[in-house]
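Taken together, the values in this text are just the output of simple stated rules run on the coordinates, not laboratory data. Note that the structure is predicted; figures quoted are calculated from it, not measured. Glycine gets a Cβ as well: all are built from the backbone with ideal geometry, and neighbour counts include every protein chain shown.
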C-alpha cells in the first residue's frame, strides 16, 4: 500500500462508528416534505396533470441516476479502468435506490396512468388539442392513414403497458442489484475479517460464509465482467422501452428512433454528474479524501464533457430529420416546444420555447464551455457548480418532455414549474440522497478488495508546463 493513499484498514475500522450526518438527515427530510407539499398543492387545486406529471419527471430522473450509476460501475469493470475505482462504490450505492424507484414506478403506473392521453381513463383535457378523440375523450389510436401502424391499440393497452413496465424494470433492476451485490461480496468479506464481531450481522447475507476474500475477489471480477455485458444489453433495451413508454407515449402519434438511446445515455451522463457532486461533498465523511484526488475529478470531468457533446449531437440528430422531413406527426411535437405559437402570453406564464432555450444552455452551452477548462475540473466548488447546472438542466429537459404533452397550451404557469415540478423533483432528490447516504454509512466506501483500486503503474497525469513539473497521478 502506497503511503500516499488511504489505509483501507482505517477505512474499514471507521464503518461501525459512521452514521448519517445530521445536516444530510435534516436537509433530505426537508426536501421530501417540499416534494410532498408540491404534490399536495397540485392535487388540492385539481391540477392532476401537473401532480402526476411531476411524479413522472421525478421517477425517470431518479431511475436514470440509479441505473446510470450501476452502468458507470459496470463500465469501469468491463474496461478494467483504474482511474475511476475510487468512485465505483459511490456509483454502486446509487443502484441500491432501485427498489425505492421501482416501488414509486409501480405506484405511478397504478394510480397515475390517467396522465397518458391514450388511456380511456385519461384525466388530460384534450378538447382543444385538435386530435381525433374517442367517446371517452382519449386520443384515438386507430390507424388514421395507410402509413400509420395498426399495432398502437395493442401496444398502448393500459394493462399491457403496466405489466411490461413493471416486469421489464424489475428484471433490469434485479440485474443491477446482482451486479452491485457481487461487487460488494469480497469487500464485505475483507471488512468482516478486520472488524470481527463489530461487523453488522446482515453483511453475511451478501458476503456468504467464505473468509478467503482474495479468492472471492477473483471470482467476483469474472462474474462482474460477464454480468456487465448482459447488463449493458439489458440496460439499452429496457431503458429504451422506459423512454418510449413513459415519455414518448405521452404524445402517442409522435416518434423518434433515436429517442431511446438519447435517453439511456443521458442517464449515465446525469449519474456521473451526481457521482462527482456526491464524492466531493462526502469524501471527508467517508474517510476517502486522499483517494478523490484532483486527477480523479479531472478525468471524470473529461468524460462528462464528452457525454455533454454526445447529448448535443443526439439532440440535433433527432431534430434535423424531423425538420427536413416536415411530417405533421413529427413536427407538431417540436413546434409547441421550440416555437412561439402565440402573441398573447398571460401574466405569470412563459412560452415553452423559452424553457427549451434554457435547457439548451444548461445541458450544452454552459457545461461545454466551462468544462473545456482543465482547472475547473480540479477545483471543488466550481466543479460542483457546473455539475449542478447539468443536473438542473436535465431536470428541465425531462420536464419539457412531459408537461407540454399533458398541458395543451402554448404557455405554462411559471409557479407551477417551480412549486409543483421543482418541488416534487427536490423531494425525489432528497429521498435519493437519504437512501444513498444511509447505504454508504454501513458499507465500505471503497472497493477495498479490488487490486485495481491502486493506480496503474503506467498511468501518468500530465500537468501544464507553467506548473514547472510533471508527476504521476495521485
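Under 1.5 on a/c is rounded, so check that first for segment 1-159, then, if it is not, pick prolate when a/b is larger than b/c and oblate when it is not; a ≥ b ≥ c are the square roots of the alpha carbon gyration tensor eigenvalues. Before the final figure, lay out the partial values.
Numbers: a/c = 4.23, a/b = 1.94, b/c = 2.18.
Because a/c hits 1.5 or more and a/b fails to exceed b/c, segment 1-159 counts as oblate.
Going by average Cβ neighbours within 10 Å, how do the peptides 441-453, 341-353 rank, with the highest at the top? Write out the running numbers ahead of the final one.
Working: 441-453: 20.4, 341-353: 13.0.
So the order, starting with the most tightly packed, is 441-453, 341-353.
What is the distance, in nm, between label points placed 7 Å from the Cα along the Cα-to-Cβ direction at residue 198 and at residue 344?
Result for the modelled spin labels: 7.2 nm.
Which order do the peptides 45-56, 102-113 take when ranked by the mean count of other beta-carbon atoms within 10 Å per residue, highest first? Present the calculation step by step, with values, prior to reporting the outcome.
Working: 45-56: 21.8, 102-113: 16.1.
In decreasing order of mean packing, 45-56, 102-113 become 45-56, 102-113.
For residue 100 and residue 229, calculate 0.36 nm times their separation in residues minus their Cα-Cα distance, and state this gained length in nm to one decimal. Don't skip to the answer; put the middle values down first.
Details: separation 129, 0.36 × 129 = 46.44 nm, distance 2.48 nm.
Extra length available between residue 100 and residue 229 comes to 44.0 nm.
Whole Å is fine, so just give me how far the alpha carbon centre of segment 411-427 lies from that of segment 261-328.
Using only Cα atoms, the two centres lie 24 Å from each other.
Go ahead and run the numbers for FRET between residue 415 and residue 128, Cβ-Cβ distance against an R0 of 25 Å, rounding to 0.05. Walk me through the intermediate numbers first.
Values: r = 22 Å, r/R0 = 0.88.
That pair, residue 415 with residue 128, gives E of 0.70.
Please determine, in degrees from 0 to 90 and to the nearest 10, the orientation of helix 259-286 with respect to the longest principal axis defined by the Cα atoms of the chain, where the helix direction is its Cα long axis.
For helix 259-286, the angle is close to 40 degrees.
Please report 235, 116 as a ranked list, fewest other C-beta atoms within 10 angstrom at the top and most at the bottom.
235, 116
For the chain, what does -39500 (n - 2.57) per DSSP helix run (n ≥ 4), summed and divided by total residues, give at 222 nm, in deg cm²/dmol to the nearest 500? List each step's numbers first, then the result.
On the way: 16 runs with 292 residues, N = 474.
Value at 222 nm, helices only: -21000 deg cm²/dmol.
Between 0 and 90 degrees, rounded to the nearest ten: what's the tilt of helix 85-95 against the longest Cα principal axis of the chain?
The answer is roughly 40 degrees.
In what sequence, highest mean first, do 322-334, 29-41 appear when ranked by Cβ atoms within 10 angstrom?
Working: 322-334: 13.5, 29-41: 17.6.
Packing order, densest peptide first, comes out as 29-41, 322-334.
Which angle between 0 and 90 degrees, to the nearest 10, do you get for helix 423-440 versus the longest principal axis of the chain when only C-alpha atoms count?
The helix 423-440 is inclined about 20 degrees to the chain.
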